[in-house]
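Inspection log for the structure reproduced underneath, given as structure tokens.
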Amino acid sequence: MLSDEQYEHLLSSAKDVYMYLHEIEYYILFKNSIYYVFLTICALQTFYPIFMILAMVIRQIGIFAHFFHKVDHDSNRHGGELIASVLKAHGVDYVFTLSGGHISPVLTGAEKAGIRVIDTRHEVTTVFAADAVYRLSGVPGVAVVTAGPGLTNTVTAVKNAQMAESAVVLLGGCPSTLLKGRGALQDIDQMSLFKSLTKWQKTVTKVRDLVPVMREAFRQAQSGTPGPVFVELPLDTLYPYPIVKKEVVSKSSGNSLRSRLVNWYLNHYLENLFAGAFDVEREIRPWPVEIPFPKKAQMQKVVELVSKAKKPLIVLGSQSTLPPIGATELRKHIESLGIPCFLGGMSRGLLGPNSPLHMRQSRGLALKEADVVILGGAVCDFRLNYGKSLSSKSKIIAVNRSKQQLYKNAGIFWNPTLALQADVGQFFKELAEKLGNGKLSVSKDWIDSLKERDNAKESKNLEMALQPADKHLNPVKVLFDLEHTLSEDTILIADGGDFVATASYIVRPRKPLSWLDPGAFGTLGCGAGFALGAKLVKPDADVCVIFGDGSLGYSLIEFDTFYRHKLPIRAVIGNDACWTQIAREQVNMLGSDVGCNLIYTTYEQAAEGLGAKGFVLDAGDEEKLKEVFNKSRQLNLEGHPVLINCLIGKTKFREGSISV
């Protein structure tokens, strides 16, 4: 028997062989059947040595692919055009970038193909924006950044997308293939750097590989558990043949044997680099995406457990809103089941602001009382106290596309009764078809008891809003007044610590896919990028970012981006001149506020300098809050980005909360 490593090697080799046969035009004879023949050989596991020798031979034949193709030495066509054709075929309407010479052909190719190019002021914003595009549209977002520091600037956002399970295609430039590792400008080992941050990585080595590699990148990003992928694009695969030839082939007039051999090699390399690039019409349509579906036997067990439940409960995470089911259809299935729900991440807003099934408060107590709990994409990490929030007496049904997330901390603090590695939306669709529309009788007393706790906690929150802060505005009052002025088409972006955590209890998303937060990574600085992507995907929506004053510092400069690209976004800042979420515990535990203090910066003036409209609100402006919030919305409708700097004080609203 072959080891897992040998089998993966065989599978990879089979794909390579298929690609090389395609390159030398043998695909006319073999077509797709050759790939499946090799897979069959892999499965038999008998011809491993023979197959590997055959694969090596065919790879070598691939080196001479240029003998089978015509290379137009005078053409100004370039690799960026090929990439753009794939992007267009995959439904990409925007690419996010910060310009650089390594990637210019991709940007000009996108522009030529009618894809809007949005340039930001920091590369990290490009990936946050691409992340938001995927979350709201289901189409993978695309970020294009230059080599070296351009790529390293994206690391935080790429890791955030990985942990948030967002399909992002990151395209990064790099030096020419022949110059990699030779000290070229911005030359670092990018592939090793991104191996742990992305689910798939690939370096393109020939122009003809651009199309198949890009198609595979989109398939990988969306298949299984979605996530970011990275495609490295050497300079010589992007620029036109005449430009590359000028840079690659030696200009030396030397006639020594060594010079002639070097030039012969470089010309041979160049011919192979461009062989098959533009003389063959390649398929650019999307590959099928692989999604795990629930097994029938498992679903039957789920039906048995849920149908007997007296106090069932659903906890949804971001993964529940993924395609192909999506948030709108998922909402119908959840409402059909009639089971009370707690919503987190991208599932916030799924049931609207006033659903009788949506519970917002006292989740820990509800989880202890439920007899059946369905974790629909929710993970037993810190958000569920590593599984300790679940009762050992409850039947736990866990559903997740990721096996790793499915069993997170299982066997330590909790144990699943049933664990299904499957798409969450499909799971609820099948469950609703079997138990929905009144077939499942959930106790009214159970739902009423949960809702009573919700209402009691809401009343206490409202009381807190009426109490004065130690100075400046009461942040709870600010957020209640914001809540009362939000329109039905509002998309809320959460980027901050204490102020945003307070908002999560008070501000209600209006509809599905109307709340974006960083997710499990807890990243600050995502707000501007998320808002950028959201406003492009939903141009008629009221995109409102709730910032802490600390987190605003990461992306304030992007108000310049909003202004230049005519994207009217508004931001509400909770400015308490402090990293309050950290200071609260640091002072109590360690007796010092070192590193936690900021000042009441005039952020509204900075925003005005970047082209936006700015407002400042302080103690004494309590009666103006709603007026200013409504006015900011009107200014958005007139095309202006807006920043509202709310100077806030301290309350006891989150007293005792810690951030680790």
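Please tell me if GLY352 is outside any loop (DSSP other than H, G, I, E, B), under 20 Å from ASP448 (Cα atoms), in the same structural domain as LEU431 (by TED's automatic domain parsing) and modelled with pLDDT under 95. Give the derivation first.
Working: outside any loop (DSSP other than H, G, I, E, B): no; under 20 Å from ASP448 (Cα atoms): yes; in the same structural domain as LEU431 (by TED's automatic domain parsing): yes; modelled with pLDDT under 95: yes.
No.
For LEU462, work out the one condition from (1) modelled with pLDDT under 95; (2) buried (at least 23 other Cβ atoms within 10 Å of the Cβ) it doesn't fulfil.
(2)
Regarding LEU375, is this residue outside the structural domain of LYS511 (by TED's automatic domain parsing), closer than 21 Å to GLN405 by Cα and out of contact with any Phe, Trp or Tyr (no Cβ under 8 Å at 6 or more places or on another chain)? Talk me through it step by step, then tell me what you get.
Numbers: outside the structural domain of LYS511 (by TED's automatic domain parsing): yes; closer than 21 Å to GLN405 by Cα: yes; out of contact with any Phe, Trp or Tyr (no Cβ under 8 Å at 6 or more places or on another chain): yes.
Yes: the conditions hold for LEU375.
If I filter the range 361-368 for residues that are outside any helix (DSSP H, G or I) and either more than 28 Å from the chain's Cα centre (by Cα) or crowded, with 16+ Cβ neighbours inside 10 Å (or both), do I get at least one hit?
Yes, the conditions are met somewhere in the range 361-368.
Yes or no, residue by residue, for (1) among the polar types (S, T, N, Q); (2) under 18 Å from ALA520 (Cβ atoms); (3) in contact with a strand residue (DSSP E or B) (Cβ under 6 Å, 6 or more places away or on another chain):
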position	(1), (2), (3)
MET359	no, no, yes
LEU365	no, no, no
VAL373	no, no, yes
GLY376	no, yes, yes
ASP381	no, yes, no
LEU384	no, yes, no
SER394	yes, no, yes
ILE397	no, no, yes
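Is there any pair linking a residue in the range 345-360 that is of a type in the set (Ser, Thr, Tyr) to one that is part of a helix (DSSP H, G or I), with Cβ under 6 Å and at least six apart or on different chains, and which?
Between residues of the range 345-360 that are of a type in the set (Ser, Thr, Tyr) and residues that are part of a helix (DSSP H, G or I), the close pairs are SER347/SER320; SER347/THR321.
Could you tell me how many of the residues in the range 465-479 are under 21 Å from GLY349 (Cα atoms) and either modelled with pLDDT of 95 or more or among the basic types (Lys, Arg) (or both)?
Step one: of the range 465-479, the residues under 21 Å from GLY349 (Cα atoms) are 476, 478-479.
Okay, now just the ones that are also either modelled with pLDDT of 95 or more or among the basic types (Lys, Arg) (or both), so 478-479.
Final tally of qualifying residues: 2.
Could you list, in sequence order, all residues of the range 462-492 that are more than 21 Å from LEU647 (Cβ to Cβ) and either touching a residue at least 40 places away in the same chain (Cβ under 8 Å) or among the β-branched types (Val, Ile, Thr) (or both)?
LEU486, SER487, ASP489, THR490, ILE491, LEU492, listed by residue number.
Considering ILE582, ILE557, which residue is at pLDDT 95 or above, surrounded by 15 or more Cβ atoms within 10 Å (Cβ to Cβ) and under 28 Å from the mean Cα position of the chain (by Cα)?
Result of the check over ILE582, ILE557: ILE557.
With the checklist (1) under 33 Å from the mean Cα position of the chain (by Cα); (2) at pLDDT below 85 in hand, flag the one item ARG260 doesn't pass.
Just one mismatch for ARG260, condition (1).
Failed condition for VAL373, given (1) over 19 Å from PRO509 (Cα atoms); (2) assigned to a loop (DSSP other than H, G, I, E, B); (3) not basic (Lys, Arg), with all others met?
Every listed condition holds for VAL373 apart from (2).
The values are calculated or read from the model by the stated rules, or taken from the named source; none is laboratory data. Every value quoted in this text rests on a predicted model; they were computed, and no experiment measured them. Cβ: placed from backbone, ideal geometry, glycine included. Neighbour counts: every protein chain shown.
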